[in-house]
Amino acid sequence: MQIKVLKGMKDVLPSQSARWRAVEREMRKAALLAGYREIRTPVVEHTELFARSAGESSDVVRKEMYTFLDKGERSISLKPESTAGTVRALLESGLYAQALPLKLYYTNAPHFRYEAPQSGRLREHHQFGMECFGASQPSADAELITLVINLLSSFGLKNLSVRINSIGCPNCRPAYQQHFKEYLNQRKDQLCSTCKERLEVNPMRTLDCKDHNCKEALHDAPVMMDYLCDECKEHFELLKRYLEEIGISYSVDPRIVRGLDYYTKTVFEIITTTPTGELTVCGGGRYDGLVEELGGPAIPAVGFGMGVERVLMLLDALEPDECKLQIEDEVPELFVACLNKALSIHAFSLVKSLRDAGFRADMDHQGRSLKAQFKYADKLGAKYIVIIGDDELAKGVVKLRDMSTKEEQEIPLENAASAMKKIIQ
RNA sequence: GUGGGUAUAGUUCAGUGGUAGAGUGCCAGGUUGUGGCCCUGGAGGUCGUGGGUUCGAGCCCCACUACUCACCCCA
């Protein structure tokens, strides 16, 4: 019985891995330009970390975590998001005591959510994310949004839209929630069953319910935007001004409520349209209370997570000329073919010296006919073939064939690599 | 968790209850020193699994499993 990959998990095969590296390379470059440095946190954490950060009532914690008991009967979970782990590392290392703001990023970090996989939604997916600690000003929020838009645009992606909202802070949110809850209670009968539950646990999540009746019931519901305290209001207004200043277009969507409980003030999503509908590529926001919540000092923070698979999905949908991503060339430059098996020993040592000289070079390992070696080299996409034959060897040369022009020339076997370097470049 | 679709060669997929098929890929030959195109041949199948109906099941029925899409939610 053949063993197959687990549900919701995907192998990245050679045909795709160069794209992964290219995307990752650009992400690192963008992060570095803005002063962010890489952090790598473990894939597993104490379950409690996620319960305390994302919130016991969040869907992620309630039903989507990969949770296990380890051999010491500790409850551990594969990380469903990276902010909690980053904050944990920040506190544990004492990094927060150094110069603030502290800017951190991670890329191609595996994340896990135990749910039904479908298009653009896997159980294991990878995120690029950035977190900025100690920056209370909305310029930090704007910096992140700008960076994401720039990055995605640089790949050639279009149809990106930025949606922002403010969900207030502990000063202004309770009053809003009070009013909102009263509003909901009056319309309790119209709500779907999950929203009835939400009403008790986390009423604000009813705002992004897709159920038709719920939408109807909520269409003139009070929104947080109208209840923001002066500080939150000013913060939000400034964020908009920063975005406008550099020409990032956005829309204010008072219904964005993120799935994680730790957010305060700014929340944002970067959305794109696909043939099947809208797809969230990136989501994030401000979490001014989380560091303190997890036992540290009161340090404001803002960050986002971006789904790498989703970015790649969008890139795959682009026409070849629209995709601006530079993919690393992996095809061999030289394939060393030999006329018969006895000559393989010469091919072997030539390949070695070609590789030492920095060429991507390969040879046959199956004892195949010359013709078969040519076919193989052609399938690999080799740019040149080096032919070693008895006649050539007697003369102390090898033949170099340009696969696209079919031109052949003889190269002295001695110092062949440096001679080829001149010809090929 | 709920609902729909699908399951046949490495892969993409045809297949009307009566001999297991094609495209593509792979290997070889046509060409004893030369790739792409062409021609020929070859290898490759427990027809998802288990039951049932039938003289006979890839096909009909039931169950299960896997995959996939959608809902919910999200990256």
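The values are calculated or read from the model by the stated rules, or taken from the named source; none is laboratory data. None of these values were measured; they are calculated from a predicted model. All Cβ positions, even for glycine, are placed from backbone atoms using ideal geometry, and neighbour counts span all protein chains on display. Side chains are part of the model used for accessible areas, which takes the heavy atoms of the whole protein and leaves out ligands, DNA and RNA. Shrake-Rupley method; radii C 1.70, N 1.55, O 1.52, S 1.80 Å.
Computed quantities for the displayed model
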{"read-out": "Accessible area (Å², per residue) of chain A, counting only protein heavy atoms and a probe of 1.4 Å", "value": "51 Å²"}
{"read-out": "Exposure rank, largest accessible area first [A:Y384, A:Y176; 1.4 Å]", "value": "A:Y384, A:Y176"}
{"read-out": "Residues of type aspartates and glutamates that A:K71 reaches as a straight line, Cα spacing below 15 Å, ignoring anything fewer than 8 places off in the same chain", "value": "A:E45"}
{"read-out": "Area accessible to solvent at A:D11, 1.4 Å probe radius, in Å²", "value": "110 Å²"}
{"read-out": "Environment charge of A:R368, counting only residues whose C-beta is closer than 15 Å and scoring Lys/Arg +1, Asp/Glu -1", "value": "+1"}
{"read-out": "Heavy-atom accessible surface of chain A: percent carbon and sulfur, 1.4 Å", "value": "50 percent"}
{"read-out": "Charge-dipole axis of the range A:9-150 as Lys and Arg at +1 and Asp and Glu at -1 on Cβ define it, positive-most pick from A:T86, A:I39, A:Q98", "value": "A:I39"}
{"read-out": "Hits among lysines - C-alpha to C-alpha of A:K181 under 18 Å, sequence gap 8 or more where chains match", "value": "A:K196, A:K215"}
{"read-out": "Centre separation in Å (Cα based) which lies between the range A:170-220 and the range A:275-299", "value": "21 Å"}
{"read-out": "The range A:31-124, dipole about Cα centre (Lys/Arg Cβ +1, Asp/Glu Cβ -1), debye to the nearest 20", "value": "180 debye"}
{"read-out": "Highest to lowest packing among A:369-375, A:331-337, A:149-155, scored as the average C-beta count within 10 Å", "value": "A:331-337, A:149-155, A:369-375"}
{"read-out": "Long pairs among A:K240/A:K324; A:K10/A:K383; A:K352/A:K399; A:K79/A:K158; A:K29/A:K421; A:K10/A:K352, criterion Cα-Cα beyond 24 Å", "value": "A:K240/A:K324; A:K10/A:K383; A:K79/A:K158; A:K29/A:K421; A:K10/A:K352"}
{"read-out": "Given charges at beta-carbon only (K, R positive; D, E negative), |dipole| of the range A:45-91 in Debye", "value": "80 debye"}
{"read-out": "In Å², nearest 10: area of A:R255 left accessible to a 1.4 Å probe", "value": "70 Å²"}
